[in-house]
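Asker: Quick one: the structure is below, questions incoming.
Bear in mind that the values in this text are calculations on the coordinates, not laboratory data. None of these values were measured; they are calculated from a predicted model. So basically every Cβ, Gly included, is an ideal-geometry build from the backbone, and we count neighbours across all protein chains shown.
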Amino acid sequence: MSTTVQGSQTTEYAVGQRVLIVDDEAVVCDVVRRYLELERYEVAVASDGAEALHVARSWRPDLMVLDLMLPGTDGLQVCRTIRAESSMPIIMLTARGEEIDRIIGLELGADDYVTKPFSPRELVARIKAVFRRVSSPAGTVVGPTLRYGGLVLNGAGRSATIDGVPVDLTAKEFDLLLFLASHPGQVFSRDQLMDSVWDYGYAGDTSTVTVHVRRLREKVEADPARPRYLKTVWGVGYKFEAPP
């Protein structure tokens, strides 16, 4: 048994992966918490940005569900701060029509988003999908590592280096890069990448893929404007090009 944090209260639950729910709507937090507890997750709840940062730093969750519309420190600032400190997966909660904030959140390092109103079962499915990807790397990898020039991907250790220097990737960035690198030269549409890397029937828009590719280029390409590895195939999608 282990202790789960919820505000100032503590409750005993079975040991499991930790999920922090950040939302100022108590009903949303309570419903999601109950669904997650039924799946044997440990759950913490925060109602504003400042509390979210405090709980994230002290309790060290494995995943955060983060509403963008928060009092005080908003969700975008929380996402920016957490991403500077941790590669913990972040699933955003956004209201319909908040496309700009959603894109900004993805740019800041969020892994996924769910649009309100949402089904708690759908959110739990997204959370399970993220944890599956973290524990089981995407794609089929022959051997312990993939090497392309100075880029080395360690599937077992879920790490990447360029010329021996570690590259700080989020869980979803690593999944996407590993999947593409495991199929060099093969072109994938955005829809195919959503199905293969996001690991569920995705109902969102494919701008999620576009943003993740852009972030990856900023981290692994010497010149993101002239990518060496992550190529755009106009009108189709993306491919990983192995250097000669």
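Asker: Using a Gaussian network for the chain with springs between C-alpha atoms less than 10 Å apart, which of these wobbles most: Ala52, Ala125, Ala222?
Answerer: Ala222
Asker: Follow-up. Which of the lysines could a cross-linker span from Lys116 if the Cα-Cα distance has to be under 24 Å and same-chain partners fewer than 8 positions apart are dropped?
Answerer: Hits, sequence-local ones excluded: Lys128, Lys172.
Asker: When the chain is fully extended, how far beyond the present Cα-Cα distance does His183 get from Arg214, taking 0.36 nm per residue of separation? Walk me through the numbers before you get to the answer.
Answerer: Numbers: separation 31, 0.36 × 31 = 11.16 nm, distance 1.90 nm.
Gain in length upon complete extension: 9.3 nm.
Asker: Still on this model: What FRET efficiency comes out for the pair Ala225/Ala95, r = Cβ-Cβ distance, R0 = 45 Å, nearest 0.05?
Answerer: 0.85
Asker: Where does the charge balance sit around Glu39 when Lys and Arg score +1, Asp and Glu -1, over other residues with C-beta under 15 Å from its C-beta? Write down the numbers at each step before the final one.
Answerer: On the way: positive: Arg18, Arg33, Arg34, Arg40, Arg121, Arg126, Lys128, Arg132; negative: Glu37, Glu42, Asp62, Glu122.
Taking every other residue near Glu39 into account, the sum is +4.
Asker: Right, next: Just subtract the alpha-carbon distance of Phe118 and Ile103 from 0.36 nm times their residue separation and send over the number in nm, one decimal. Let's see the in-between values first.
Answerer: Values: separation 15, 0.36 × 15 = 5.40 nm, distance 1.86 nm.
Using 0.36 nm per residue and subtracting the Cα-Cα distance, I get 3.5 nm.
Asker: While we're on this one: Inverting the mean 1/r over all pairs of different Cα atoms, compute the Kirkwood radius of segment 2-135 and quote it in Å.
Answerer: About 14.5 Å for segment 2-135.
Asker: Looking at segment 2-135, what % of its DSSP beta bridges pair antiparallel, to the nearest 5?
Answerer: Of the beta bridges lying entirely in segment 2-135, close to 20 percent run antiparallel.
Asker: Here is a follow-up. If R0 is 25 Å, what FRET efficiency do you get for Ser58 and Asp24 from their C-beta distance, rounded to 0.05?
Answerer: 0.80
Asker: Given the alpha-carbon gyration tensor of the chain, what are the semi-axes of its equivalent ellipsoid in whole angstrom, ordered largest first, with each equal to the square root of 5 times an eigenvalue?
Answerer: Values for the chain, descending: 32, 19, 16 Å.
Asker: Mind ordering 172-185, 230-243 by average Cβ neighbours within 10 Å, highest first?
Answerer: With the highest mean Cβ count within 10 Å placed first, the list reads 172-185, 230-243.
Asker: Give the relative contact order (percent, whole number) for the chain; include only Cα pairs under 8 Å separated by 6+ residues.
Answerer: 13
Asker: Please enumerate, by chain and number, the lysines with C-alpha under 16 Å from the C-alpha of Lys231, excluding those fewer than 8 residues away in the same chain.
Answerer: Result set, ordered by chain and number: Lys219, Lys239.
Asker: Another question, if that's okay. Would you mind estimating how fast segment 145-240 diffuses translationally, via Stokes-Einstein at 4 °C and 1.567 mPa s with the Kirkwood radius over Cα pairs, in µm²/s?
Answerer: My calculation gives 96 µm²/s for D.
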